[in-house]
Amino acid sequence: MTFVKFFARFFCIDAYAQHNHTQRSLTNNIECLEDIARFYRDPNRPVHKIWTSSECSKYYLCLEGEVFNFKCSEGLLFDVVRQICDFKQNVDNCDVTAETPAPKPLLDEADCPDNQWACGDATCLPNEYFCDGSVDCPDESDEGWCDADNDPNAAELCDPKHCKLPDCFCSKDGTIIPGRLEPHMVPQMILLTFDDAVNFENWELFTKVLFSGQRRNPNGCPIKATFFVSHPYTNYQYIQKLWNDGHEIAVHSVTHRGPEMWWSHNATIEDWFDEMVGQANILNRFASVRMEEIRGMRVPFLRVGWNRQFLMMKEFGFAYDSSMVAPFSNPPLWPYTMDYKMPHVCMGNKQNCPSRSYPGIWEMVLNQLEAGDYTCAMIDSCPPHLSGEDIYRMLTHNFKRHYLSNRAPLGLYFHAAWFKKSEYLNAFMKFVDDLQKLPDVYFVTNQDAIQWMRNPTSNNLLYQFEPWSCKAKKHLEPNEKVCNHPNICKLRSRVLQQDRYLYTCKECPPQYPWIRNEFGLD
């Protein structure tokens, strides 16, 4: 097989690296690491050059004893973990020569005392040390094989006899309706979610167009959405207004930092607390959102954080995650609790889904949309060449996939910038207006959906279903009501080394809030 055919078949480099093929050449002075079968860095590169752009942009591949030389395009560095060229701020492994898998642990194949297993080098350690997020084996084998199929302490398969609502829900393939209701008895829930900052760029879209109060559910209550809020550039007066109006406010991290793989593989439990609990504290302090109502989270880039993320969620008291993408399926999947092994494979390149049991935590799984020959989780990751009419047909087609099968909630996941294309906005509003004509379609928040799944209620009784009723609107204390004119705080950030603006109905803090200083204290 020629090199070009081998390259095209076995290696996938993203759009940033497509131009690098012209910079490929054969080199004779670089050590061959043929057993790696992946791109690697020069293992003998000078130590003082490791973090330089010129050195970190180079990478190599050894085939049949010959080393081929590559170089990223100007301004890009090579990420040896993700195997792509990317912008400098997204690459943090210039010091790593090659990613080599840890050896597999021997576990019970070695002679160890009771309640202990063996590392790959036969070192015996307590069972609970394996896949607990902390490296204990000398050869690191205790943390190298920890997906749902290899974790020796992994969650068990769904057991419907012991998994009972309202606190536990599972099914073998994830498609069974809670309460085993017949599909025609089930409300078709539409889950609209928006990621990232809420500010002047999208405020009119949310308040004047999508949620003006004119569109209502069959029970007469206004349609609602869930906002996964990240901190940079967010206007907290606007967040307070959305919360006052009954929308759900959830967390999407403080920093939304890159690279993407950091969330899946590098973030420690402490990092997860800093990012997610920190953002919950910011929402509470500067938007007055009640802590007990901040129940959900979504990880940036949908990069699930393995057991570390869910340990943090359990300790803090998050009710649900909404970051896992399920493989495309008909019928689609219902959300489930993490008491048992998740009912689908872990989607994504080097994705790192949890392997343990986390009783009572819900996974608001992302069902993919079908768009012609493509599938996509976030709507703005669907093919960009679609016309407005294509978008309308896609939305209608996927609605029918849910509505005419098991009526699993239809999640429509957005970044607000997608609506800047007027034909997309018009197509979406036409789709929403179509659904307004149906007597059993409800636009609800993720938390509302969980309330229904915990207590499955048939369509004919939904007018009496208190969690969805207009009467369930919370009583606001004076300090919780949004102000008409926020404080505009020009604040210095020691970490970012620049001034940032904070819009809030609360008093201005001394510093710009950030991780490990979410209240902006001096």
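The values are calculated or read from the model by the stated rules, or taken from the named source; none is laboratory data. Everything numeric here is computed off the predicted structure, so don't read it as measured data. Cβ placement follows ideal geometry from the backbone for every residue including glycine, while neighbour counts extend to all protein chains displayed. Each accessible area value is taken on the protein alone, full model and side chains, heavy atoms only, with ligands, DNA and RNA left out. Shrake-Rupley method; radii C 1.70, N 1.55, O 1.52, S 1.80 Å.
Going through (1) out of contact with any Asp or Glu (no Cβ under 6 Å at 6 or more places or on another chain); (2) among the hydroxyl-bearing types (Ser, Thr, Tyr); (3) at pLDDT 95 or above one by one, residue 381 falls short only on (3).
Return a yes/no flag: does region 244-267 have any residue that is open to solvent by less than 20 Å² (accessible area, probe 1.4 Å), touching a Gly at 6+ places or on another chain (Cβ under 6 Å) and over 30 Å from residue 83 (Cβ atoms). Yes.
Scan 419, 431, 414 and give me the residue that is farther than 15 Å from residue 211 by Cβ and of a type outside the set (A, V, I, L, M).
None of the other options fit; the residue is 431.
Scanning region 199-212 for residues that are touching a residue at least 24 places away in the same chain (Cβ under 8 Å) and loosely packed, with under 15 Cβ neighbours inside 10 Å yields a count of 3. Do you know which residues across region 187-243 are among the acidic types (Asp, Glu) and within 25 Å of residue 479 (Cα to Cα)? Scanning region 187-243 gives a single hit, 204.
The residues listed here are 257, 215; of these, the one that is charged (D, E, K, R) and within 16 Å of residue 445 (Cβ to Cβ) is 215. Of the residues making up region 147-161, none is more than 32 Å from the chain's Cα centre (by Cα), more than 30 Å from residue 54 (Cα to Cα), loosely packed, with under 13 Cβ neighbours inside 10 Å and not assigned by the TED database to the domain that holds residue 270. In region 453-473, of all residues being among the charged types (D, E, K, R) and in contact (Cβ under 8 Å) with a residue 12 or more places away in the chain, the one that is nearest to residue 163 (Cα to Cα) corresponds to 454. The one condition from (1) over 22 Å from residue 353 (Cβ atoms); (2) crowded, with 17+ Cβ neighbours inside 10 Å; (3) over 26 Å from the mean Cα position of the chain (by Cα); (4) not basic (Lys, Arg) that residue 188 does not meet is (3).
Go through region 37-68 and report how many residues are of a type outside the set (Lys, Arg) and open to solvent by less than 40 Å² (accessible area, probe 1.4 Å).
Adding up the residues that qualify gives 14.
Examine region 120-130 for a residue that is surrounded by fewer than 17 Cβ atoms within 10 Å (Cβ to Cβ) and in contact with a helix residue (DSSP H, G or I) (Cβ under 9 Å, 6 or more places away or on another chain), and state whether such a residue exists. No: zero hits.
If you go through region 313-341 and keep only what is over 15 Å from the mean Cα position of the chain (by Cα), within 23 Å of residue 266 (Cα to Cα) and buried (at least 22 other Cβ atoms within 10 Å of the Cβ), you end up with just 338.
Filtered by the rule that a residue be among the aliphatic types (A, V, I, L, M) and touching a Ser or Thr at 6+ places or on another chain (Cβ under 7 Å), region 226-253 gives a lone residue, 250.
Filtering region 474-485 to residues that are among the acidic types (Asp, Glu) and touching a residue at least 40 places away in the same chain (Cβ under 8 Å) leaves only 480. Restricting the search to strands (runs of 3 or more DSSP E) fully inside region 20-116 and requiring at least 1 residues that are closer than 30 Å to residue 142 by Cβ, of a type in the set (A, V, I, L, M) and in contact with a Cys (Cβ under 9 Å, 6 or more places away or on another chain) gives 84-87.
If we scan region 103-123, do we find a residue that is within 29 Å of residue 255 (Cβ to Cβ) and either under 31 Å from the mean Cα position of the chain (by Cα) or not assigned by the TED database to the domain that holds residue 269 (or both)? Within region 103-123, none of the residues are within 29 Å of residue 255 (Cβ to Cβ) and either under 31 Å from the mean Cα position of the chain (by Cα) or not assigned by the TED database to the domain that holds residue 269 (or both).
For beta carbons closer than 7 Å, sequence separation of 6+ or different chains, a first residue in region 399-419 that is within 14 Å of residue 382 (Cβ to Cβ) and a second that is in a loop (DSSP other than H, G, I, E, B) and not charged (D, E, K, R), the qualifying pairs are 411/367; 413/377.
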